[in-house]
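Enquirer: Here it is, the structure in full.
The values are calculated or read from the model by the stated rules, or taken from the named source; none is laboratory data. Please read all numbers here as calculations on a predicted model, not as lab measurements. Glycine also receives a Cβ, built like all others from the backbone with ideal geometry; neighbour counts cover every protein chain displayed.
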Amino acid sequence: MQKTKYGKYIVYNSIIPPSEGAPPPPPPSGERTGASVLYVDNTILKGAFYFSCALIWKASDRGSPPTAHCHYDYDEYIGFAGSNPKNPQDLCGEVEVWLDDEKHVINKSCAIFVPKGLQHCPVYFRRVERPIFYFSTAPSISYGKDQPAK
């Protein structure tokens, strides 16, 4: 690949690095229901903030992430986009998202703003008719600042 001035800002990596000092997590057991597509943070590109994308192709009872948590030092966006080219707003499925003690059932493409300190998750992909694009991002250099729910 030819070296360019700004080519370093194009990231093709989808490997989520382990938290500092922690071993990599074991792969989830059972059948795969989705895959990480893109991941960027400060460990991959110096100065970059956290950005993660996955493609979900099958429903599952396993939460992603599996437990409720808070980020006390940054806000976060979580989003879902459908893959129906005739109607991109149609999620082509159903996603259950928890914000504090409220259950929200999502069936349209959307972005969810999660203010710092708001307990959120788990996320369950209850029905998937076509692949669902799932993303999250925050103005933080890594995702590793999660705190357990209180």
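Enquirer: Output the residue which, of all residues in region 13-60 that are at pLDDT below 85 and of a type in the set (Ser, Thr, Tyr), is nearest to the chain's Cα centre (by Cα). Give the steps one after another, and end with the answer.
Expert: Let us first name the residues in region 13-60 that are at pLDDT below 85, namely 13-32.
Applying the additional criterion that residues be of a type in the set (Ser, Thr, Tyr) yields 14, 19, 29.
Numbers: Ser14: 12, Ser19: 16, Ser29: 19 Å.
Only one residue tops the list, namely Ser14.
Enquirer: Next up: Are there any pairs, at least 6 apart or on different chains, whose C-beta atoms fall under 9 Å, with the first in region 91-113 and of a type in the set (Phe, Trp, Tyr) and the second outside any strand (DSSP E or B) and crowded, with 16+ Cβ neighbours inside 10 Å, and if so, which?
Expert: Pairs that qualify, where the first residue is of a type in the set (Phe, Trp, Tyr) and the partner is outside any strand (DSSP E or B) and crowded, with 16+ Cβ neighbours inside 10 Å, are Trp98/Ala68; Trp98/Gln119.
Enquirer: Among the residues of region 75-118, count how many are among the hydrophobic types (A, V, I, L, M, F, W, C) and over 18 Å from Val37 (Cβ atoms). Give the derivation first.
Expert: Narrowing region 75-118 to residues among the hydrophobic types (A, V, I, L, M, F, W, C): 78, 80-81, 91-92, 95, 97-99, 105-106, 110-114, 118.
Narrowing further to those that are over 18 Å from Val37 (Cβ atoms): 97-99, 105-106, 110, 112-114, 118.
Qualifying residue count for the region: 10.
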